[in-house]
Structures are given as structure tokens and as C-alpha cells.
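Just so you know, all these numbers are worked out from the coordinates, no wet-lab data involved. Model, not experiment: these values are computed from the prediction. Counting neighbours? That spans all protein chains shown, and the Cβs are built from the backbone with ideal geometry, glycine included.
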Amino acid sequence: MQQDRLWSEWHPVCKAEELQGEPKQVFVLGERVVIFRNGKGVHAFKDLCVHRGAALSLGKVRNGHIVCPYHAWEYDSDGTCVKIPALPCDRPIPKKARATVYHCEEQYGLIWVNLEEAPAPFITYPEYHAEGHRTVLCGPYEVKANAPRIIENFLDVSHLMFVHEGMLGETDHAEVTDYDVTFADNRFITSKIPVYQPNPDGRSKGGYADYVYEILNPTTARFTKTTEGSDEAFTILLAVNQEDQEKSKAFMLLTRNYDLDAQDDSFREFQDIIFYQDLDIVESQKPELLPLDLQAEMHLKSDALTIAYRRWLDELGVENGTLAIREERRNKRKKSIMH
Ligand code: FES
Ligand code: CO
């Protein structure tokens, strides 16, 4: 089903390097999740001990098991409870003593969680592993907005000249030429969109850079920027985790195939400035949930990509943004259990 496509997406929850010895609490679509690492890899459980509901994330990882902070029940990485200290040793551990296990993967320098039984295929970001390319991880950026608002801002071409004036565009080159948006290989992709930039290749001379945008899934998008006559390419992958109804966390991978010896920090600092320029705008947008009814706002031809995004979310059944749908589905499930 289309709707399940969204539900089964992967959500980035933290930088891989942040997950070492201690378990960590994260939120995904309103769900409290604990992630931890052991010799077998990374794991995600519902952050709740089945004994008395304590947060497992307050506990420890010991001998590869996650140990509840309250009465020290121990769960192995499959979620099976393997030790209950209060239980006399001649009594078996109840079969029901299991943690709820979610899918968890380490990829592209991030930890990703999937709450559904049948996960969608993982996104591919070939630049990350490509020879002669270097990736800088930016964020996490905390945003008081829904994930689709953040993705849409990233896909919006005609704001570059205003919100990022002097950095990614210039106000006297604000016109956006017509471009195509096509759906191929399970994602949207645009034709090249030329944007006049004050310093597109770092040589302090104004010129046009070509942007090609792609929407990989409802909460992951990317663009690649090139300049004519040059092999240099700069790609940004944006992946957003909607933590709950009010908050999201955004991660960005910046990949370049030039200046490989340059300081990564300079790219990170530049991107931080750009992101915070967008933040006030995105957090100010009303309604909080992206309006998918195209009659609700006004659209120009230059908005073709964000129109495609809204239409697609609508087709996927994301009427009111990701979280609202999850609530809706929960309620449906509840109803079917009650009947
Ligand atoms: Fe976790 Fe009791 S609440 S062991
Ligand atoms: Co912007």
C-alpha cells in the first residue's frame, strides 16, 4: 500500500560517533526509542522496560546486553530478557519478558531507525563511498517544525536569492527559468536549474551554478550543484527525523569531489549559517502542517518541484504531515482491535 511506503521509511536519529558505550534515548514520530551499540552492531528498542515501564535508556550496556536501571533485567540484542536478578535461579524467565525491537542501521555516518516490521529499502547515496569524494556531516539541527516543511524549504529554488543573499544568490538575479520535474527510479528529479551565485566555484567571481534536485522519500532529499565546464560537483543530502508533533532534527551530508585537503570545518560553518538563515522562516510558516490541497496557497511555475512534493505526499496519504498520519493509523489499529 502507498501509505505503508511512508511508514516504513528510515529515520536518522543521531551521528554514529555519538553512539558508543552508553545507551541513548531518541524520538521517532512521537515514539520513545532507545538505541545502543554492542559487538554485534547497533540496535533500537522501544525505550520501555516491560517490567515497570522504566526507560531502558537510563540503564547500561553490559556484556552486550542492555540492563534496565530499575531492577536490572537484562535484554540481549534480539530483545529477549536473559536475566532477572530477583528471580530465584530455579525459575524460568517468563517468555513474555521481551523488549519491542525496531530496525536499526548504521549508514553514511548516521544511525537510522525504522519502526515498521517491513522496512522500505534504504536510500542510496553513492557519493558517500565514491573514490575522490569527501563528505562532511552537518547538524543535527533542531527545528520547531514538521519534517515536510524542512524538506520543502530545501527544495525551494526561488528563496536562495533572498534568504541567502550574497551567499547562494543575488536579488537582482531572482528569476527562475522553467525546469522539468520527472519521476524515475522511485524518486523525483529535476532538470538543471541555473542559479546566479556571487561565488559559485570559490573563485570570487559571479556566475551560474546548475542545481539538480532529487526527492528520495518524504523526509529525504538532495541536490547536486555543478558549474558548466568544470568537473567539480557538490552534493547535499538532507535527511530529517520528525521527532514528535512539534520538533524535528535535520542532518546534512555535504559531499565534494574537489578541495579534498580543505578544512571540513569551513564547509560546516558555511552550512550552519545557511541553515540558520532558513530556520526562522521555516519555524514561522503557518499552517504548521504542509497544506497538501493545492488550492490552499498560491503557486508559480518556479514552484514546480515543491508542487510535485506536495502532490506526492498527498498521493502517499500524508494528509497532514508524517506524524499526524501515524496517529491516524494508530487510532485505526485501536479501533480494529476494539471491534
Ligand atoms: Fe525494568 Fe523493573 S522496570 S527491571
Ligand atoms: Co535556504
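Odds and ends about this structure:
- Listed peptides 48-60, 278-290 by packing density, highest first (mean Cβ within 10 Å): 48-60, 278-290
- Listed pairs LYS40/LYS249; LYS24/LYS192; LYS225/LYS286 exceeding 32 Å between Cα atoms: LYS24/LYS192
- DSSP assigns beta bridges within the chain; of those with both partners inside it, close to 95 percent run antiparallel.
- Kirkwood-based shape ratio for the chain, expressed as Rg/Rh from alpha carbons: 1.02
- Sorted largest first, extent of segment 103-220 alpha carbons per principal axis (Å): 51, 32, 30
- Cysteines (scope the chain) whose Cβ has no counterpart Cys Cβ under 4.7 Å: CYS14, CYS81, CYS89, CYS104, CYS138
- Here HIS65, HIS11 are placed in order of increasing Cβ neighbour count within 10 Å, fewest first, which gives HIS65, HIS11.
- Hz values of 3J(HN,Hα) by residue in segment 176-192 - Karplus curve (6.51, -1.76, 1.60), Gly and Pro given as x: 10, 6, 4, 9, 9, 10, 10, 9, 8, 6, 6, 8, 8, 9, 9, 6, 5
- Using the rule -39500 (n - 2.57) for each DSSP H run of four or more residues, divided by the residues of the chain, the 222 nm mean residue ellipticity is -6000 deg cm²/dmol.
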